[in-house]
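Here is the structure we will look at.
The values are calculated or read from the model by the stated rules, or taken from the named source; none is laboratory data. A quick note: this is a predicted structure, and the numbers were derived from the prediction, not measured. Please note: Cβ atoms are built from the backbone with ideal geometry, for glycine as well, and neighbour counts cover all protein chains shown. Areas reflect the complete protein model, heavy atoms only, side chains present, ligands, DNA and RNA absent. Shrake-Rupley method; radii C 1.70, N 1.55, O 1.52, S 1.80 Å.
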Amino acid sequence: MTLCARDRRIIEATQSGLPLTPAPYAEVAASLGLEEGEVISRLAALQARGVVRRIGVAPNHYAMGMVANGMTVWDVEDAESSRLGAAVGALDFVSHCYLRPRAQPVWPYNLFAMVHGADRDEVEEKRAGIAALLGDACRSSEVLYSTRILKKTGLRLTRKGAP
Amino acid sequence: MRKPPPKLDAVDRQIINALQEGFPLSPRPYAEAAARLGLSENSLIARLAMLRDGGAITRFGPFFDAAAMGGAFCLCAMAVPAAQFDAVAAKVNAHSEVAHNYERAHQLNMWFVLATETAEEIEAAACAIEADTGLSVLRFPKEEEFFIGFRVVA
């Protein structure tokens, strides 16, 4: 997917947030020397293409009391993995859901689903719900709890080597 | 290390629950969103500023699909001997391609995400980390990503 220079500038100007002023798109436009209408229509086009996933608030999980998270991993039959992955991803407590390659013999799991809850008991309860949904198509599973954040940086469009 | 959770009232919760997506693309979007919530434009803006400054929300605005913007990403894992863990973490984190890194309770105890401009740079970064640490880096690139129904209920 390619982005033109104006799209990139609009992304760079809004990726840390929209101004909290009555006409935020006009303010972004003014900072870039563009018209408000162009910023709005470009963001709408980016949303239609899926580059903008949503516009709104990002709640702080921890502040909302969702302090436990577990990376649940599942060894799911390949023939069923796409159908079941879609069903798991649609659950409202799963924040990320992917199929990834296995790394045998140490890692037999191909379906990854990040589960959030108020505590580990709640994460385990939700994990049991996923297990029930997967049924016999799942051969084994584990949950990996994070014990420490070692590094966390925001993903940014402007990085080393970016135009 | 973590701040105590901010106190939220019913209006704060209503804003957080209603505005996780669908913020209008229009000249006066706060006024439009506020009307749907039965609030004034000014009070919605003031509440959002308070929620952001108090840490209840981490950001307000558009969320971009990082891969659609042209970047490459790969989840990686390592089995790091306990005695070397902190030294290896420092070596791994020193690579600017490492976007985040978590210790997890498992034989594979270090999980990090590489973020680069191109797919070739992912492989180069993983190889460089293996050379630096003398440990294998397991690569778990995504093969398929599923639509996410995740919503935080405030």
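Interface burial in segment B:77-112, defined as at least 40 Å² less accessible area with all protein chains than with the chain alone at a 1.4 Å probe, covers B:ASN93, B:ALA99, B:HIS100, B:ASN101, B:TYR102, B:GLU103, B:ARG104, B:ALA105, B:HIS106, B:TRP111. The modelled label-to-label distance between A:SER16 and A:SER82, using points 7 Å beyond Cα along the C-beta direction, is 4.1 nm. Each of A:LEU134, A:GLN104, B:THR133 was placed along the dipole of the protein assembly as shown (beta-carbon charges, centred on the mean Cα), and the one lying farthest toward the positive end is B:THR133. Placing +1 on the Cβ of every Lys and Arg and -1 on the Cβ of every Asp and Glu, with no other charges, gives segment B:10-53 a dipole of roughly 40 debye about its Cα centre. Remark: the protein assembly as shown carries 46 Å² of accessible area per residue (probe radius 1.4 Å; ligands, DNA and RNA excluded).
Taken as entire DSSP H runs, the helices of chain B that both span 20 Å or more between Cα atoms along their own long axis and average -1.0 or more on the Kyte-Doolittle scale are B:119-133.
The simple spin-label model puts a point 7 Å past each Cα toward its Cβ; for A:ALA132 and B:ALA67 those points are separated by 3.1 nm.
Evaluated with a Cβ-only charge set (Lys, Arg +1; Asp, Glu -1), segment A:65-157 carries a dipole of roughly 620 debye about its Cα centre, given to the nearest 20. Once backbone amide H atoms are built at 1.01 Å from N, A:LEU150 has B:ASN101, B:TYR102, B:GLU103 as its partners under 5 Å, excluding neighbours fewer than 5 places away on the same chain. For segment B:1-85, the list of GluC sites (Glu not before Pro) that fall in a loop by DSSP and count at most 13 other C-beta atoms within 10 angstrom reads B:GLU21.
With an a/c value under 1.5 for the gyration tensor axes a ≥ b ≥ c computed over the alpha-carbon atoms, segment A:5-49 is described as rounded. Other residues within the sphere of radius under 15 Å centred on the Cβ of A:GLY70, judged by their own Cβ, net out at -2 (K and R +1, D and E -1).
For the interface of B with A, what's the total buried accessible surface in square angstrom, probe 1.4 angstrom, rounded to the nearest hundred?
Summing both sides, the interface buries roughly 7000 Å².
With the simple spin-label model, which puts each label point 7 Å out from Cα in the Cβ direction, the A:ALA44 to A:ILE149 separation comes to 3.7 nm. Mean partner shielding of peptide A:102-108, defined as the number of other chain Cβ atoms within 10 Å of each residue Cβ, is 3.
Equivalent ellipsoid of chain B: semi-axes from √(5λ) of the C-alpha gyration tensor, largest first, are 40, 19, 13 Å. Shape of segment A:1-89 from the C-alpha gyration tensor: oblate (a/c of 1.5 or more and a/b not above b/c, with a ≥ b ≥ c the square roots of its eigenvalues).
For segment A:1-150, the fraction of alpha-carbon pairs lying more than 27 Å apart is 45 percent, rounded to a whole number. In segment B:55-72, the residues that give up 50 Å² or more of accessible area when the other protein chains are added, compared with the chain on its own (1.4 Å probe), are B:ARG59, B:PHE60, B:PRO62, B:PHE63, B:PHE64, B:ASP65, B:ALA68, B:MET69.
Shown in residue order for segment A:14-26 are the 3J(HN,Hα) couplings computed by the Karplus curve 6.51 cos²θ - 1.76 cosθ + 1.60 at θ = phi - 60°: 10, 6, 9, x, 8, x, 8, 9, x, 10, x, 6, 5 Hz (x for Gly and Pro).
In what sequence, largest accessible area first, do A:ARG120, A:ARG100, A:ARG83 appear using a 1.4 Å probe?
Putting A:ARG120, A:ARG100, A:ARG83 in descending order of accessible area: A:ARG83, A:ARG120, A:ARG100.
Scanning residues 5 or more positions from A:ARG53 or on other chains, those with amide H under 5 Å from its amide H are B:PHE63, B:PHE64, B:ASP65, with H placed 1.01 Å from N in the peptide plane.
Report the extension gain between B:ARG28 and B:ALA79 in nm, rounded to one decimal, defined as 0.36 nm multiplied by the number of residues separating them, less their alpha carbon distance.
Gain on extension, B:ARG28 to B:ALA79, equals 13.2 nm.
Straight-line reach from B:LYS7: taking Cα to Cα under 13 Å and skipping same-chain neighbours fewer than 8 places apart, the aspartates and glutamates in range are B:ASP53. When the Cα gyration tensor is reduced to axis lengths a ≥ b ≥ c, the ratio a/c is 1.5 or higher for the protein assembly as shown, and with a/b above b/c it is classed as prolate. A:SER95 contributes an accessible area of around 10 Å² to the protein surface, as traced by a 1.4 Å probe with all chains present. Counting protein heavy atoms only, the protein assembly as shown has 54 percent of its accessible area on carbon and sulfur, 1.4 angstrom probe.
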